[in-house]
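Only the coordinates and a few stated rules stand behind these numbers; no lab work does. Not measured: the values here are computed from a predicted model. Don't worry about glycine lacking a Cβ; one is built from the backbone with ideal geometry, like all the others, and counts go over all protein chains shown.
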Amino acid sequence: MGDVMDAVPRLHPDAGIQRVGDRMLAVGLDDTLHTFEDEDGQVSEVAERILELVDGWRTVSGIVAALCDEFDVEPAVCREDTVTFVRLLVDKKVLVLGP
């Protein structure tokens with residue numbers, strides 16, 4: 001997990017993210033539209049906030065720190081969930097990780 005925590009997530013050069021109404025939408029390389037819901041099908045404020053925090057200079061650990069400041073969440077849970085979500089978006093070619 002350490003290598004991901006030190007990485008800087010960036011929007012994939014061929015992907016796009018945009019807020020449409022009250023929803024954050026992402027389009028990956030294969031033109032698949034991604035939305036971000038929780039288990040109940042409601043907009044995931046945390047997932048959308050992670051995308052907002054991806055600014056090209058903040059590390060994953062910096063994103064986790066910001067989320068821990070903004071949401072009532074245990075740091076270990078936040079780290080695990082954030083790394084899982086970032087890896088998912090990297091797999092879907094919405095984000096890339098760099099130094």
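Quick notes
- Residue-by-residue Karplus 3J(HN,Hα) for the range 78-95, coefficients 6.51, -1.76, 1.60, Hz, glycine and proline x: 4, 4, 4, 5, 5, 4, 4, 5, 4, 4, 4, 5, 5, 4, 7, 6, 8, 10
- Simple label model, 7 Å out from Cα along Cβ direction - E39 to D91, nm: 1.9 nm
- 10 Å beta-carbon shell around S61, net charge (K/R +1, D/E -1): +1
- Compactness of the chain - radius of gyration and Dmax, Cα, Å: 12.8, 36
- Net dipole in debye of the chain [+1 Lys, Arg Cβ; -1 Asp, Glu Cβ; about Cα centre; nearest 20]: 480 debye
- The simple spin-label model puts a point 7 Å past each Cα toward its Cβ; for L29 and R10 those points are separated by 1.6 nm.
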